[in-house]
Amino acid sequence: MRMSASDFEGLQAFPAELEGREAWLDPFEWYADVREHSPVRYDEARDTWDVFRYDDVKAILADDERFSTSPRNIDGFQEPEEGQGFMLDTMLLQDPPRHEELRSVVDDAFQPRVIRDLEPRIRAITTDLLDDVLADGDGELDLVESLAYPLPVIVIAELLGVPPEERDQFKRWSDTIVRGASADVDPETFVQEQQQAGQEMAMYFLSQIEDRRENPRDDLLTTIATEEGEGGRLSHREALGMCMLLLVAGNITTTNLVTNAVRCFDEHESALFDDLAGDERALGTAVEEVLRYRSPVQAMTRVPLDAVEVGGETVAAGDRVVVWLGAANRDERQFPEADSFVPDRTPNQHLGFGYGTHYCLGAPLARLEAKIVLAELTDRLSAIEVVDADLQPVRSSFIYGVESLPIRYERGA
Ligand code: HEM
């Protein structure tokens, strides 16, 4: 069994134009160029269609009758042979009506009013993490390592109901599963490590699911194991897919929302950290602008079920289509001053959480976590600035952010 971040992106290779550190740190000039000159293009090297303009991207995401999220849903699709991995059943890879049946099992748990009740707990976790790193007291910290990365992993582990004594193990598995391939690790070892972590975590979840069926508790694992959604109770395989999806879809994305926010605030000409301190509403609006301006998820994949026309081009059934949320979110046809970070931008109909049927289930949670971390940072620290370091882009072809973000600060805002 194989489940990694690449399942979320649907095995999509990277366009040559974005290869290399500089290009992936700053793809926005290239986006502007292709939005203008080849808004819907076929890239032979990847055997993939790319769609860059806001209206086209939104229309595709809105059209779940003609565009599926997975090639598995195309007539005649052959499952990969044993040993080549298979994809878990998840709502993300299912079309309606099965999609709604799967999503209905956890939908209530992710509604804004339910998520709002988590605020004190998320704040306590954030405060603990911040206390730990500030105890070093040397005026510098890596935002990713000390806050943006651990926070969403701890929150989802608690929500699922992973017991405290098993959280370190849980974090090690998720570290391995979401980590991208890198030049420092030999590719074979990397694949083996990912497979092993995926398998161990799957075994773990399966035993927990079994346990919750016998001994229900007040946690998300119990909901996943026992809830009768619109299609009845989930099978073991579906319940496992749900757990893995929540982990893969929710962690590295939230990490990069927080990190990208600090980069945006730091780059802005006014002292944004000071302006936003203590103003939750303004902070919320600024977080939406981060989702637009430096979208943590830059691209998603779709597959047309029948031949379809997009921007004057005919795309065949089964062809891979990549919709570039990151490019759509900078489209000047939709956003005035699209290439400027405008912290109080309204309206802001960005596509950072997607659109339509598969609109991000975790959006309320991601927004709340980001707001809490940023509020705690601006309340407790002053003179925050990003250290002028060699930023390294996250090693993924759809997640946008940096591997680490050293910041300098002074104590007490
Ligand atoms: C800033 C953080 C996040 C971003 C930018 C983000 C982005 C997205 C996007 C763009 C999609 C649409 C995928 C598609 O249409 O193919 C999506 C779907 C999804 N996200 Fe998020 N996400 C974030 C956080 C989370 C969190 C915290 C969770 C849960 C704990 C989560 C769970 C999901 C799930 C389950 C789906 C699939 C929904 C469906 O198929 O109906 N996400 N997310």
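The values are calculated or read from the model by the stated rules, or taken from the named source; none is laboratory data. Just so it is clear, the model here is predicted, and its values are computed rather than measured. Neighbour counts are summed over all protein chains in view; Cβ atoms, including those assigned to glycine, are modelled from backbone coordinates with ideal geometry. Remember, those area values only see protein heavy atoms, side chains included, never the ligands or the DNA or RNA. Shrake-Rupley method; radii C 1.70, N 1.55, O 1.52, S 1.80 Å.
Observations, loosely collected:
- Check on Ala286, over 24 Å from Arg72 (Cβ atoms) and out of contact with any Ser or Thr (no Cβ under 8 Å at 6 or more places or on another chain): yes
- Of all residues in region 114-123 being more than 11 Å from the ligand (Cβ to nearest atom) and touching a Pro at 6+ places or on another chain (Cβ under 9 Å), the one that is least open to solvent (accessible area, probe 1.4 Å): Val114
- Residues of region 311-329 that turn out to be of a type in the set (A, V, I, L, M, F, W, C) and surrounded by fewer than 20 Cβ atoms within 10 Å (Cβ to Cβ), as a count: 2
- Candidate set from region 349-385 (those that are more than 9 Å from the ligand (Cβ to nearest atom) and open to solvent by 30 Å² or more (accessible area, probe 1.4 Å)); member that is farthest from the chain's Cα centre (by Cα): Ala383
- One residue from Ala299, Ala261, Ala307 being open to solvent by 50 Å² or more (accessible area, probe 1.4 Å) and of a type in the set (A, V, I, L, M, F, W, C): Ala307
- Check on Leu221, touching a residue at least 40 places away in the same chain (Cβ under 8 Å) and in a helix (DSSP H, G or I): yes
- Within region 330-339, tally of residues that are farther than 19 Å from Asp50 by Cβ and surrounded by 13 or more Cβ atoms within 10 Å (Cβ to Cβ): 1
Table: residues versus (1) within 16 Å of the ligand (Cβ to nearest atom); (2) open to solvent by less than 20 Å² (accessible area, probe 1.4 Å); (3) part of a helix (DSSP H, G or I).
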{"position": "Glu17", "(1), (2), (3)": "no, no, yes"}
{"position": "Glu29", "(1), (2), (3)": "no, no, yes"}
{"position": "Asp50", "(1), (2), (3)": "yes, yes, no"}
{"position": "Asp55", "(1), (2), (3)": "no, no, yes"}
{"position": "Gln78", "(1), (2), (3)": "no, no, no"}
{"position": "His99", "(1), (2), (3)": "yes, yes, yes"}
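- Leu88 meets the conditions (1) over 24 Å from Ile224 (Cα atoms); (2) assigned to a loop (DSSP other than H, G, I, E, B); (3) open to solvent by less than 20 Å² (accessible area, probe 1.4 Å) in every case but one. The failed one is (1).
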